[in-house]
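Heads up, the thing below is written out as structure tokens.
Just so you know, all these numbers are worked out from the coordinates, no wet-lab data involved. Model, not experiment: these values are computed from the prediction. Here Cβ is always computed from backbone atoms with ideal geometry, including for glycine, and neighbour counts include all displayed protein chains.
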There are 2 protein chains.
Amino acid sequence: MHGAMIYAPGDVRFESLDDPKILQPTDAIIRTAVTCVCGSDLWPYRGAEPVGAPHPMGHEYVGFVEEVGSAVTSVTPGQFVVGSFATSDNTCVNCQNGFQSGCLHREFMSTCQADYVRIPNAQGTLVATDEVPGEELWPGLLAVSDVMGTGWWAADAAEVKPGSTAVVVGDGAVGLCGVIAAREMGAERIIAMTRHESRQKLAREFGATDIVTERGDEGVERIKEMTGGIGADSVMECVGTSEAMRQALQSARPGGDVGFVGVPHEVAVDGEELFFSPVGLRGGPAPVRRYLPDLIDRVLSRRIDPGKVFDLTLPLEQVAEGYKAMDERRAVKTLLTP
Amino acid sequence: MHGAMIYAPGDVRFESLDDPKILQPTDAIIRTAVTCVCGSDLWPYRGAEPVGAPHPMGHEYVGFVEEVGSAVTSVTPGQFVVGSFATSDNTCVNCQNGFQSGCLHREFMSTCQADYVRIPNAQGTLVATDEVPGEELWPGLLAVSDVMGTGWWAADAAEVKPGSTAVVVGDGAVGLCGVIAAREMGAERIIAMTRHESRQKLAREFGATDIVTERGDEGVERIKEMTGGIGADSVMECVGTSEAMRQALQSARPGGDVGFVGVPHEVAVDGEELFFSPVGLRGGPAPVRRYLPDLIDRVLSRRIDPGKVFDLTLPLEQVAEGYKAMDERRAVKTLLTP
């Protein structure tokens, strides 16, 4: 098979690799329908995270079941399946509590920018569609496996409620999917913070009612002005920097909620600031598996179209260009077709 | 009138002071029934917070209305009233959202260790009882004005639910009241972390089902052992140090909740640790006013007796000894009678 390998910051290569094999009875092998590059893949690509030894990349996937281990009975070869970037048995106590991203047997996916992928914990991780969906729906279903699931979690963690005001910090794919989630959850006002025209346009298409272009203290000031001086009910932090976190915490009203889903890089939250906000804060790797059946339905019924976050489509062999385009912010998110 | 003044760490004096006067039409003057010393008063007393110029102390009170400003119609002279350490108009948007501790007109009380006290925002802050309660109920009602209200908030912020497991970090008056709150909210298992025999006894009396004497990493280990390896549903952080906050975050299960109500002193929360926990975190000054009617009822009906946290009663003129006894941990909390 073929797939992406990262060797060093800025150095992603498309290579011939060993075919994946069933290693555990709980594994499945899928043939990738479509895969993609994630904003979090850019951390090592940009050298903001160590690369270490050369290794495969990618954690988003939809595909066709090729083969299953002896313990996997929930999906069968030929089915079209959607999974999560974090695998889960869906039976342990954390899974039962709805935190499949904290599954006791969790393994993070990391080999999905490839035409074949081994999925651990396949029984609990993969959800098959009733029939093979039309190709035009594949990008939306792919988004569900990570960015849409994570945007949903951001809105859920920020306790977005019908009639409320929600703010989205971050205009990457997750932030844009957060706008979709806030709209679906009934937020009356959805304020997207972005200064990029094309992202503003997509945010509005997804349901944003207002755009704020200011950042940092000015951005907070603007949000306060727009919310009667007190701040928003719900704020989604979809970046993962200290600046974005502070902006999010300060944009929420007393008693409001911040959902933070940007993978944090050297973020420290000042206890006193948090204490005197006082806002609720919840974040972490999204329990995508909890949302999969619902989100798959919303995509298949064409109620939502998170696949629009893909504004560049490349054949898998051009994966390196896919990274480059996102790094240079020429693309929000790159879809890769094997 | 007479009251406590702090001059320097360790130097609290009982002095003759000017009588308080109505300064705003929204003020009331109360004659103090009982007042007390708070754990947070020990921060300046111990020099952990600057004292600055000599100033009065105390923010907990129940008493009799002496006089009201022209805008105060909800309470009348002679009534017995309970308030909160944070005053609130109870009408602004933050109050309406249930966060009276974030009232747009909030003033923190700071002159209550005295026989007469001026209460700003009296209309929204004070709750009168139907009749003057028996003196044996005064300590419980006094506790409601701060430590019991704060313990309730800790349990509420930690989302304690019927049948759940709750951990209380901190064995001061707030932590002990947190045990009461968790029991009232229906927690099945309430684990109090304390190594002091008298506090263990009171915690058990209040409803603790288990006592853990270990602290820090060992304490976390013990909690994990007791909760099937995953941690507790709800954890209340009632101390305000970095160590206690870490202990609390690590003791909660994935998807669990930490309510933090200890006033933080140089606490920084590591974003990555919080992200990968992943727990919900909510804290801040308790919106005691929200809980007052309910908590007053629970005390008057003798359903709860948070007044038991007072294990030392002194006449107000011995306020200095009240501080000393708490500083030396000879007392959990000192009740002062004018």
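At-a-glance table
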{"item": "Sequence of B:Cys112, B:Cys177 once ranked by neighbouring C-beta atoms within 10 Å, starting from the fewest", "result": "B:Cys112, B:Cys177"}
{"item": "For B:Gly283, distant residues with modelled amide H under 5 Å away", "result": "A:Val279, B:Phe260"}
{"item": "Rounded to whole Hz, the Karplus (6.51, -1.76, 1.60) HN-Hα couplings of the stretch A:50-63, x for glycine and proline", "result": "x, 7, x, 5, x, 8, x, 9, x, 9, 10, 6, 9, x"}
{"item": "For A:Lys201, A:Lys161, A:Lys21, order by how many other beta-carbon atoms lie within 10 Å, fewest first", "result": "A:Lys21, A:Lys201, A:Lys161"}
{"item": "Derived scalar couplings ³J(HN,Hα) [the stretch A:112-118; Karplus, 6.51 cos²θ - 1.76 cosθ + 1.60; whole Hz; x for Gly, Pro]", "result": "8, 7, 7, 8, 9, 9, 8"}
{"item": "Once exposed loop GluC sites (Glu not before Pro) are cut out (DSSP; at most 10 other Cβ, 10 Å), longest piece of chain B", "result": "B:132-327"}
{"item": "From phi via Karplus (6.51, -1.76, 1.60), per-residue ³J(HN,Hα) for the stretch B:314-320 in Hz, x at Gly/Pro", "result": "9, x, 3, 5, 9, 3, 4"}
{"item": "Spacing of the two label points (7 Å from each Cα toward its C-beta) at A:His265 and B:Gln96, in nm", "result": "4.2 nm"}
{"item": "Exposure proxy ranking, count of Cβ atoms within 10 Å, fewest first, for B:Tyr116, B:Tyr323", "result": "B:Tyr116, B:Tyr323"}
{"item": "Exercise: per-residue mean of other protein chain Cβ atoms within 10 Å, A:279-291", "result": "5"}
{"item": "Efficiency of FRET between B:Thr73 and B:Leu42 - r from beta-carbon atoms, R0 51 angstrom, step 0.05", "result": "0.85"}
{"item": "Whole-angstrom gap from the stretch A:268-292 to the stretch B:318-333, using each part's C-alpha centre", "result": "37 Å"}
{"item": "Other protein chain Cβ atoms within 10 Å, averaged over every residue that makes up A:259-271", "result": "5"}
{"item": "Mean separation of Cα contacts under 8 Å (6+ apart) over length of the stretch A:150-283, as relative contact order %", "result": "27 percent"}
{"item": "Anisotropy class of the stretch B:150-283 from Cα gyration tensor, a/c 1.5 cut", "result": "rounded"}
